[in-house]
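The values are calculated or read from the model by the stated rules, or taken from the named source; none is laboratory data. Source: prediction; values computed, not measured. We place every Cβ from the backbone using ideal geometry, glycine too, and count neighbours over all the protein chains shown. For the accessible areas, the whole protein counts, side chains as well, though only heavy atoms, and no ligand, DNA or RNA atoms are used. Shrake-Rupley method; radii C 1.70, N 1.55, O 1.52, S 1.80 Å.
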Amino acid sequence: MGDQVRNVIIVGSGPAGLTAAIYTGRANLQPLVIEGAQPGGQLMITTEVENFPGWPEGIQGPELMAKLREQAARFGAEFVTADVVEVDLRHRPFTVKTDSAAFRGQTVIVSTGATANLLDLPEVPKLMGRGVSACATCDGAFFRNQDIVVVGGGDSAMEEAGFLTRFARTVTIVHRRDELRASKIMGERVRQNPKIEFALSSTIERILGDQSGVTGVVLKSTKDGRTSELRCSGVFFAIGHTPNTALFKGQLGLDAKGYIKTRPGSSYTEVDGVFACGDVQDPTYRQAVTAAGSGCMAAIDAERWLEGHRG
Ligand code: NAP
């Protein structure tokens, strides 16, 4: 598998990468998907996806990803389950390396997604997995009948808070402004949930706890600086994401926040023959369906590019 020069190497296996694989597979380009050691992207740590078109009853994130992968495999996509550790996009064919193999491609489609942000507090690394988490789906069930804090005011925070009420006694949403960033419908749903409370205009100054777990947080008002203590045994972050672009620094053009720059209306990066799609290049929409749509664009761009560069 390693010796031949592939038409297309897709790095990443969320909705963007797998849609690119479906399209390039159907174009008979035999794409190679380097799917990561933990494939499937952020939907693997999501519960119900209610807004992906075609699933009127909703679908579980991992199930949706399994179906997309199956669909890509049906059209000839091959998969390598490993993380990419190095790329060389300076010379064509491009090289993409995992720990144990190197692959060469005429084109590369980058769809490495984004990762959850954490608050920069000294206790976070110590209490991670001991009550501090960035994944309600993974860890929510550990907090049955307990009090939980969710940090953030966006749709993710609303979604996580709602999900956590399945287990928790109370969920307090801590948000630094007095106005939510979340969409109206998601904000309303949360407001109507009797288990959810709000600590608006507040930030977390400290997380209290030790080896045996979290016991509370110290909140600080962003209006008057006053502090107060809130007892809880779980703290979940939902404060946005950082694009996974460390591999591409110095080789692909990135914006100030680290997102890959693409030519407007296309998936073209600054390197000819390298395309980007999904959350890694999208600071604005960041939806599964927009990621899938941009994966389709990258596949069509790569296909046309290959047509124009046939020896
Ligand atoms: P987001 O919309 O960027 O919201 C991040 C939230 O975290 C904001 O409220 C922000 O506060 C807060 N925040 C950021 N850094 C912080 C810090 N250092 N300390 C305290 N608070 C901080 O991110 P998101 O909620 O993850 O959503 C991302 C995208 O995915 C959005 O487009 C959203 O619509 C979409 N999404 C959709 C669904 C759905 O439709 N089902 C579900 C989840 C996400 P400020 O508001 O003050 O900036």
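I'd like the FRET efficiency for GLU197 and ASP83, computed as 1/(1 + (r/R0)^6) with the beta carbon distance as r and R0 of 51 Å, rounded to 0.05.
Values: r = 40 Å, r/R0 = 0.78.
The computed FRET efficiency comes out at 0.80.
Could you order HIS175, HIS241, HIS309, HIS91 so the one with the most accessible surface comes first? Probe is 1.4 Å.
Working: HIS175 15, HIS241 55, HIS309 85, HIS91 115 Å².
Putting HIS175, HIS241, HIS309, HIS91 in descending order of accessible area: HIS91, HIS309, HIS241, HIS175.
Among CYS277, CYS138, CYS296, what's the order by accessible area (1.4 angstrom probe), most exposed first?
Result of the area sort, largest leading: CYS138, CYS296, CYS277.
Could you tell me the extents of segment 239-311's C-alpha atoms along the three principal axes, largest first, rounded to whole Å?
Computed over segment 239-311, the largest-to-smallest principal extents equal 47, 29, 18 Å.
Before rounding to the nearest 500, sum -39500 (n - 2.57) across all DSSP H runs of length at least 4 in the chain and divide by the residue total; then give [θ] at 222 nm in deg cm²/dmol. Intermediate values should be presented prior to the final figure.
Working: 7 runs with 74 residues, N = 311.
Taken over the chain, the calculation gives -7000 deg cm²/dmol.
What helices does the chain have that are whole DSSP H segments, at least 24 Å long along their own axis by Cα, and with mean Kyte-Doolittle hydropathy of 0.0 or more?
Details: long enough: 288-308 (30 Å, 0.43).
Span-like helices, by this rule, are 288-308.
Exactly which trypsin sites (Lys or Arg not before Pro) in segment 75-123 are in a DSSP loop and have at most 12 other Cβ atoms within 10 Å? Let's see the in-between values first.
Details: sites: ARG90, LYS97, ARG104; in loops: ARG90.
Sparse-neighbourhood loop trypsin sites (Lys or Arg not before Pro): ARG90.
Measure of size requested: the Rg and Dmax of the chain, with Cα atoms as the atom set and Å as the unit; please supply both.
Values for the chain (Cα only, Rg and Dmax): 21.2, 69 Å.
Would you rank ARG176, ARG191 by solvent-accessible area, highest first, keeping every protein chain in place and using a 1.4 Å probe?
Largest accessible area first, the residues go ARG176, ARG191.
Whenever you get a sec, compute what percent of the accessible area on the chain sits on carbon and sulfur atoms (1.4 Å probe).
In the chain, the share of accessible area belonging to carbon and sulfur is 47 percent.
Please give, to one decimal in nm, the separation of the simple spin-label points placed at ARG189 and ALA102, each 7 Å out from Cα toward the Cβ.
Taking the two extended label points, one gets 4.8 nm.
Quote to one decimal, in nm, the extra length available between LYS261 and GLU63 on full extension: 0.36 nm per residue of separation minus the C-alpha distance between them.
On the way: separation 198, 0.36 × 198 = 71.28 nm, distance 3.07 nm.
This chain segment gains 68.2 nm when fully extended.
If we restrict to alpha carbons, what Rg and Dmax does segment 47-118 come to, in Å?
16.1, 47
Bin all alpha-carbon pair distances of segment 1-94 at 5 Å intervals from 0 and give each bin's fraction as a whole percent.
3, 14, 22, 23, 18, 12, 5, 3, 1, 0
Quick check for you: with a 1.4 Å probe and neighbouring chains kept, what is the accessible area per residue of the chain, in Å²? Provide the component values of the computation, followed by the final result.
Details: 15650 Å² over 311 residues.
Counting only protein heavy atoms, the per-residue value for the chain is 50 Å².
Order the peptides 224-231, 283-290, 148-155 from the highest to the lowest mean number of other Cβ atoms within 10 Å of their residues.
Details: 224-231: 11.2, 283-290: 15.5, 148-155: 24.9.
Answer by packing, highest mean first, reads 148-155, 283-290, 224-231.
Relative contact order (percent) for the chain, with alpha-carbon contacts under 8 angstrom and 6 or more residues of separation? Write down the numbers at each step before the final one.
Details: 737 pairs, mean separation 64.0, N = 311.
Answer for the chain is 21 percent.
Going by average Cβ density within 10 Å per residue, which order do the peptides 48-54, 181-187 take, highest to lowest? Don't skip to the answer; put the middle values down first.
On the way: 48-54: 12.4, 181-187: 15.0.
The densest-packed peptide leads the list: 181-187, 48-54.
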